[in-house]
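These notes are about the structure you will find just below.
The values are calculated or read from the model by the stated rules, or taken from the named source; none is laboratory data. Just so you know, these numbers come straight off a predicted model, no measurement behind them. Here Cβ is always computed from backbone atoms with ideal geometry, including for glycine, and neighbour counts include all displayed protein chains. Heads up: the accessible areas ignore ligands, DNA and RNA and are worked out on the full protein's heavy atoms, side chains in. Shrake-Rupley method; radii C 1.70, N 1.55, O 1.52, S 1.80 Å.
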Amino acid sequence: MKNFLLSVCVLISVLTPAFAIDMTGEIDAATAKVLPKVIEWRRHIHQYPELSNRETNTAKFVEDHLRKLGIEVRTGVAKTGVIGILKGAQPGPVIGLRADMDALPVTERNSLPFASKVTSEFNGQKVGVMHACGHDSHVAMLMGTAEILSSMKDKIKGTVVFIFQPAEEGAPEGEEGGAPLMIKEGVMTSPKIDAVFGIHINSQTEVGKIKYKSGAAMASSDWFSIKVKGKQTHGSQPWFGIDPIAAATQIYTGLQMIVARESELTKAPVVIGVRENIIPEEMTMSGTIRTLDAAMRKDVHEKIRLTATKIAESMGATAEVSIATKTLVTYNTPDLVKRMLPSLEKAAGKENVTENEWTTGAEDFSFFGEKAPSFFFFVGGMKKGQDPKTAAAHHTPDFMIDDSRLDVGIKAFANIVFDY
Ligand code: NI
């Protein structure tokens, strides 16, 4: 009996690794080795940023790297996008890992040796170009992940699709782009992706830490435009005309009432922001709508249409409302989050992984999430010990990230691949 038990024990200990190989040690070692290169790549990409749908050199940089690793490559996806397909030695699910590649029309304001001096044309104006949202680090981390995973190919059960996406910040006017165009061109279907993951660096989260949120995590973003038409008259005799500005200010108050008095704010926040642009006889108000709940989003849209047209009507003016979808709610599939949380803890240490608040920021990663279970999380890029309130926000000229711990993102992606 004793002998029998012993042989069962031996059998189990021999069999267990075949079912679940713990790759943490191997991933840690490979990541430590690749990290200096990843930092170098990130700085190179930072120095030579490219605007949305214009990421040709960045794409080439990624393409050359993936080819060197012997990974199957597709280029020109959604204009400048690059897809890498790594088939593991054994069959299994298909997992998508995404990094966005574009920079912003912002002039960099710091004295880093790799600060951007690039200028470009944006909406007919000469502008500075800067990686002011940290997408440079996303590209570098995913390139690093591709390098270490390609060296572990024999142990991968399934396929990894590396998605290098253009135009997350929005395609230039009149152009298609970003996640919706990649999806249109088949990125989620050939091969069919079973789950998709994305990382965003955060300039106000300390390095070494990961933040995530289960369920709705980031807001949907819709752009609205309301054209109010009145009737021109002499400034001294307003009663002979219809003042579109007076109607617009009433509409503005009405829109804020949708947030303050008509939205169930304990369920999820809503933001309606307006910037005004005044022209004679008619005026156009435009702004952004942020919601974290699909039903509330629909409701807010209806209320904006109703409020604007009825207020205008009550004053003898007319209002034309148009609403354009920029992103959906970034929804992290709760089951997937629960299942992958240990992978994040392996990457950063249990004490460094915490659940986040909602954010009213928006991400076009949400379109991938509409097609497959998905998980989008944040990796810290703020200097250790810094006060988040003093750290420059994303999309500003002083934005800066500490790139010393990009290993956290690489380890998170790599552990997710093996644990999934
Ligand atoms: Ni971003």
How do 354-365, 93-104 rank on mean C-beta neighbours within 10 Å, highest first? 93-104, 354-365
Long-range amide H contacts for D100: which residues qualify at under 5 Å (H placed 1.01 Å from N, peptide plane, sequence gap of 5 or more or a different chain)? Q165
Counting DSSP beta bridges in the chain, what percent are antiparallel, to the nearest 5? 65
How large, in percent, is the carbon and sulfur part of the accessible surface of the chain at a probe radius of 1.4 Å? 55
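If packing is taken as the mean number of other Cβ atoms within 10 Å per residue, what is the order of 75-84, 51-60, highest first?
Values: 75-84: 22.2, 51-60: 20.3.
The densest-packed peptide leads the list: 75-84, 51-60.
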Given H placed on each backbone N at 1.01 Å, which residues far from K231 in sequence or on other chains put an amide H within less than 5 Å of it? I242, D243
Karplus-derived HN-Hα couplings along the range 121-131 (A = 6.51, B = -1.76, C = 1.60, θ = phi - 60°), whole Hz, x at Gly and Pro: 9, 9, 6, x, 10, 7, 9, x, 10, 8, 7
Whole-Hz Karplus ³J(HN,Hα) for the range 137-148, in order, using 6.51 cos²θ - 1.76 cosθ + 1.60 and θ = phi - 60°, x for Gly and Pro? 6, 5, 4, 5, 5, 6, 5, x, 4, 4, 5, 6
Which trypsin sites (Lys or Arg not before Pro) from the range 115-181 combine a DSSP loop assignment with at most 15 other Cβ atoms within 10 Å? K117
Are any of the pairs K227/K310; K33/K211; K68/K192; K184/K298; K126/K227; K155/K371 more than 19 Å apart by Cα-Cα distance, and if so, which? K33/K211; K68/K192; K184/K298; K126/K227; K155/K371
Short version: what are the Cα gyration tensor semi-axes of the range 348-402, square root of 5 times each eigenvalue, largest first, in whole Å? 24, 17, 10
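With the contact rule set at Cα under 8 Å and sequence spacing of 6 or more, what percent relative contact order holds for the chain?
On the way: 903 pairs, mean separation 91.5, N = 420.
Normalised by residue count, the contact order of the chain is 22 percent.
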At a threshold of 8 angstrom on Cα-Cα distance, excluding pairs fewer than six apart, so keeping six or more, what relative contact order does the range 220-327 reach in percent? 45
Going residue by residue through the range 231-248, the Karplus relation 6.51 cos²θ - 1.76 cosθ + 1.60 with θ = phi - 60° gives ³J(HN,Hα) values, rounded to whole Hz and with x marking Gly or Pro, of 9, 6, 7, 6, x, 8, 10, x, 5, 8, x, 10, 7, x, 6, 4, 5, 5
Just add up the charged neighbours of V34: K/R +1, D/E -1, any other residue whose Cβ is under 9 Å from the Cβ of V34. 0
What's the extension gain from V127 to K350 if we count 0.36 nm per residue and subtract their Cα-Cα distance? 76.0 nm
Could you tell me the ratio Rg/Rh of the chain? Both radii from Cα atoms, Rh via Kirkwood. 1.06
Where a Cα-Cα gap under 20 Å defines reach, which aspartates and glutamates qualify for K87, not counting those fewer than 8 residues away within the same chain? D22, E26, E63, D64, E72, E147, D154, D194, D419
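Which peptide among 33-43, 369-379 comes first, and what is the full order, when sorted by highest mean count of other Cβ atoms within 10 Å? Intermediate values should be presented prior to the final figure.
Numbers: 33-43: 18.2, 369-379: 21.8.
Going by the mean number of other Cβ atoms within 10 Å, highest first, we get 369-379, 33-43.
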